[in-house]
Amino acid sequence: MNFLAHFHLAWPDEGLVAGGLEGDYYKGPLRGDLPRDIERGVQLHRAIDAYTDGHPLIQQLRRDLPQSLRRYAGILIDLSFDHYLSRHWSTFSDIPLRTFNDQVYRTLSAHKSALSDGSRTMLARMVEFDILGLYVDWEAVPASAARVGQRFKRHNPLQDVDRELSPARHTLEQAFLAFYPELETFCACHVRRLN
């Protein structure tokens, strides 16, 4: 899952939301050096990622993608699912998407002092470019993938990914719609265990 999904699944608990961002940057075992509410958010983030990666629907989706994209399937699925969450937002939330995104930015900003440098840098980019709002448009998916691909050492294998990914849009959307309600149920149970 990408940022929007992590924040939605953590909402409305502010610590879980902040941990939803920190989960991408905090490495290694949790040792109690984070504030307890943010540490719980990192735990939720990791549980979401593990549940998603191991889910049969996601494993099948990886196999359904074109062969050349399977190595990068995790990245592409995460980005695509934020797009489909944005597109189907009213199915999953009573809060308008623009309002939700603004509330997330405020929540993260309020917890900024407890976040790592990586999280604070990403938060600044999120707010400056309204990253959560970009995913309503499909073009954000291949554009974000191309930016991720710049981190590869030899060449950027995701530079022109849309040519191969775009024909899979219907498959990605159907997988998202089947999977996300199950993920919501999993998260609700996991959050109860964290409390």
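Just so you know, all these numbers are worked out from the coordinates, no wet-lab data involved. Fair warning: this is a prediction, and the values are worked out from it, not measured in the lab. With ideal geometry, Cβ positions are generated from the backbone for all residues, glycine too; neighbour counts draw on all protein chains shown.
Compute, for the chain, the length of the dipole vector about the Cα centre, with Cβ point charges of +1 (Lys, Arg) and -1 (Asp, Glu) only. Units Debye, rounded to 20.
With only Lys, Arg, Asp and Glu charged at Cβ, the dipole is about 620 debye.
Quick one: which of 86-96, 25-35, 176-186 comes out on top by average Cβ neighbours within 10 Å, and what's the full order, highest first?
Final packing ranking: 176-186, 86-96, 25-35.
Assuming R0 = 41 Å, what is the FRET efficiency of Lys153 and Arg98, from their Cβ-Cβ distance, to the nearest 0.05?
The computed FRET efficiency comes out at 0.60.
Got a sec to turn the phi values of region 89-100 into Karplus ³J(HN,Hα) couplings, 6.51 cos²θ - 1.76 cosθ + 1.60 with θ = phi - 60°, whole Hz, x for Gly and Pro?
3, 5, 6, 10, 8, 8, 8, x, 4, 4, 5, 4
Among Cys187, Ser144, Leu30, which residue has its Cα furthest toward the positive end of the charge dipole of the chain, with +1 on Lys/Arg Cβ and -1 on Asp/Glu Cβ?
Leu30
Using the Cα centre of the chain as origin and beta-carbon charges of +1 (Lys, Arg) and -1 (Asp, Glu), tell me which of Gln174, Thr107, Leu158 is placed farthest towards the positive end of the dipole.
The one lying farthest along the dipole's positive direction is Leu158.
Cβ under 10 Å from Ser119's Cβ, Ser119 left aside: what net charge do those residues give with Lys, Arg +1 and Asp, Glu -1?
Summing Lys/Arg as +1 and Asp/Glu as -1 gives -1.
Any idea how far apart Val136 and Arg71 come out in nm if each label point goes 7 Å out from Cα toward Cβ?
With each label point 7 Å from Cα toward Cβ, the separation is 3.6 nm.
For the pair Glu182/Arg169, report the inter-label distance in nm, with labels modelled 7 Å from Cα in the Cβ direction.
A separation of 2.5 nm, rounded to one decimal place.
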